[in-house]
1. Restricting the search to segment 317-333, which residues are over 26 Å from SER359 (Cα atoms) and either aromatic (Phe, Trp, Tyr) or crowded, with 20+ Cβ neighbours inside 10 Å (or both)?
2. May I ask you to say which residue of PHE419, PHE423 is open to solvent by less than 60 Å² (accessible area, probe 1.4 Å), more than 16 Å from ligand 2 (Cβ to nearest atom), in the same structural domain as PRO282 (by TED's automatic domain parsing) and in contact with a Leu (Cβ under 7 Å, 6 or more places away or on another chain)?
3. Restricted to segment 270-289, and to residues that are surrounded by 12 or more Cβ atoms within 10 Å (Cβ to Cβ) and over 15 Å from THR312 (Cβ atoms), which residue is modelled with the lowest pLDDT?
4. Restricting to segment 406-428, give me the number of residues that are more than 11 Å from ligand 1 (Cβ to nearest atom), among the basic types (Lys, Arg) and within 20 Å of ASP358 (Cβ to Cβ).
5. Out of the residues in segment 222-264 that are surrounded by 14 or more Cβ atoms within 10 Å (Cβ to Cβ) and among the polar types (S, T, N, Q), which is nearest to THR372 (Cα to Cα)?
6. Assess whether LEU267 counts as being hydrophobic (A, V, I, L, M, F, W, C), under 22 Å from TYR376 (Cβ atoms), open to solvent by 60 Å² or more (accessible area, probe 1.4 Å) and assigned to a helix (DSSP H, G or I).
7. For segment 290-300, give me each residue that is surrounded by fewer than 12 Cβ atoms within 10 Å (Cβ to Cβ), in a helix (DSSP H, G or I) and touching a Pro at 6+ places or on another chain (Cβ under 7 Å).
8. Select, from LEU244, LEU257, the only residue that is over 23 Å from LEU393 (Cα atoms), among the hydrophobic types (A, V, I, L, M, F, W, C) and outside the structural domain of PHE354 (by TED's automatic domain parsing).
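The values are calculated or read from the model by the stated rules, or taken from the named source; none is laboratory data. Computed from a predicted model, the values in this text were never measured in an experiment. Cβ placement follows ideal geometry from the backbone for every residue including glycine, while neighbour counts extend to all protein chains displayed. Note: accessible area is taken over every heavy atom of the protein model, side chains too, but ligands, DNA and RNA are not part of it. Shrake-Rupley method; radii C 1.70, N 1.55, O 1.52, S 1.80 Å.
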Amino acid sequence: MHPNLWREIWVVAFVALGALLLGLATDHPFLSAVVVFGGYIAVVLYRLHQLQRWLFARGGAEIPDAEGIWGDVFKEIRKLVRQAETREDRLAGMVERFQNAAAAMPDAVVIVSQNDEIEWANPASGLLLGITYPRDGGLRLGNLLRSPEFAGYLRSRVFSEPIELSSPANPRKTVLLQIIPFGASQKLIIGRDVTRLLLLEQMRRNFVANVSHELRTPITVLSGFLETLRAMKQPRAEELEKHLAVMHEQALRMQRLVDDLLTLSKLETTPPSRHDEPVDVPALLGSLKDTATLLSGERRHRITLEADTGLTLLGDPEELRSAFSNLINNAVQYTPPGGNIELRWQASADGAYFSVRDSGTGIAPEHIPRLTERFYRVDSARSRATGGTGLGLSIVKHVLVRHDAVLDIASEPGKGSTFSCRFPAARVVPR
Ligand SMILES: Nc1ncnc2c1ncn2[C@@H]1O[C@H](COP(=O)(O)OP(=O)(O)OP(=O)(O)O)[C@@H](O)[C@H]1O
Ligand SMILES: [Mg+2]
């Protein structure tokens, strides 16, 4: 038995003894018992009253202090209350941490009740699903996400697979949405922005279609000529020569395409070189100018070079040669005979730039933002006739990105174009 219970029994025994002695002394035993036990009961009732007052105050007041068995009871209750408070604090902390984490997620997270009413939503839900909490709290989910696909998904009650929806907040975005039932009959709705993923998938499909399309023409021509040659019993020498020349041209075309694709793939898959070397750009441009003159041939373009000798560039010489020669070749290809082509390598306020200016066909403004896309050509028929694959500017862009540089294109149809590569000061070594 607990010592304090013994103490209480002793107290009751003393009270009884006190009542007995008082009864003997006063000759009123009944009255004495009533008075002494009444006092004891009053103390017990007072303690009960203290406890009741504290219970009704719901933790607002301090739990009372007392001695003996009442002290024990109060102490025990105080301990239980403290434990409950600690547990509650820990739980509240956990809920808060969970809410903070869900709020910081880039995916939309919405919790709905059994009746599909919104109970909570994170900020990303506003951007992706147009659901703003607390504004939309209590509203039915179906009233906010009104697409028939979503209504069907919600009704089907089969949530093992997500669905794709156009975002109600931004029709240009696509959201992958999944409902996850949890608890008694609540639902968690997770929405993820998959616009970029779909775009990449579309690009991949376009790329495969483009490569196949580009290869089909030369292969068709080659196999056609081979067929013709086989059918000829005794081909004449000059006829044979003519056919072989066409076949060779088509084979070269395929080779150029594959070479360009390999260059692009290498630029995309290998990390940029960490050991850039000083590239003597004026010397490089000198040799590219000579090649361009050869390429121009009968067309006799006036090609000039103005280079700040002693202005070196830190980078990969092979990649830079490939980028610059693509720009110079384009100028030769898209400038009518006798036109002007100016090459320039100069320091600028924020680094240095290389520019190619031509007096060629020029490019309409709507095409300019798309020029660096793979296989993009302004005039496909014309470009293909000149042997272009439409990969040149895409290679240029990749090389420039690897050299922290940007490509500026200024052009006016009928007047000419200027393609400039702007390099940052960190990559330029002055004289
Ligand atoms: N200097 C220029 N003047 C006019 N149009 C140009 C010029 N440079 C590029 N273009 C246009 O941009 C398109 C894309 O150029 P890009 O160099 O990427 O491909 P391409 O020249 O057709 O083929 P290649 O892969 O052989 O270079 C060209 O088809 C052409 O229509
Ligand atoms: Mg080109």
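1. Once the filter is applied, which keeps residues that are over 26 Å from SER359 (Cα atoms) and either aromatic (Phe, Trp, Tyr) or crowded, with 20+ Cβ neighbours inside 10 Å (or both), segment 317-333 yields only GLU319.
2. Result: PHE423 is the single residue among PHE419, PHE423 that is open to solvent by less than 60 Å² (accessible area, probe 1.4 Å), more than 16 Å from ligand 2 (Cβ to nearest atom), in the same structural domain as PRO282 (by TED's automatic domain parsing) and in contact with a Leu (Cβ under 7 Å, 6 or more places away or on another chain).
3. The extreme case among them is SER273.
4. 1
5. For segment 222-264, the residue satisfying everything is THR263.
6. Working: hydrophobic (A, V, I, L, M, F, W, C): yes; under 22 Å from TYR376 (Cβ atoms): yes; open to solvent by 60 Å² or more (accessible area, probe 1.4 Å): no; assigned to a helix (DSSP H, G or I): yes.
It is false that LEU267 is hydrophobic (A, V, I, L, M, F, W, C), under 22 Å from TYR376 (Cβ atoms), open to solvent by 60 Å² or more (accessible area, probe 1.4 Å) and assigned to a helix (DSSP H, G or I).
7. Those that are surrounded by fewer than 12 Cβ atoms within 10 Å (Cβ to Cβ), in a helix (DSSP H, G or I) and touching a Pro at 6+ places or on another chain (Cβ under 7 Å): none in segment 290-300.
8. Result of the check over LEU244, LEU257: LEU244.
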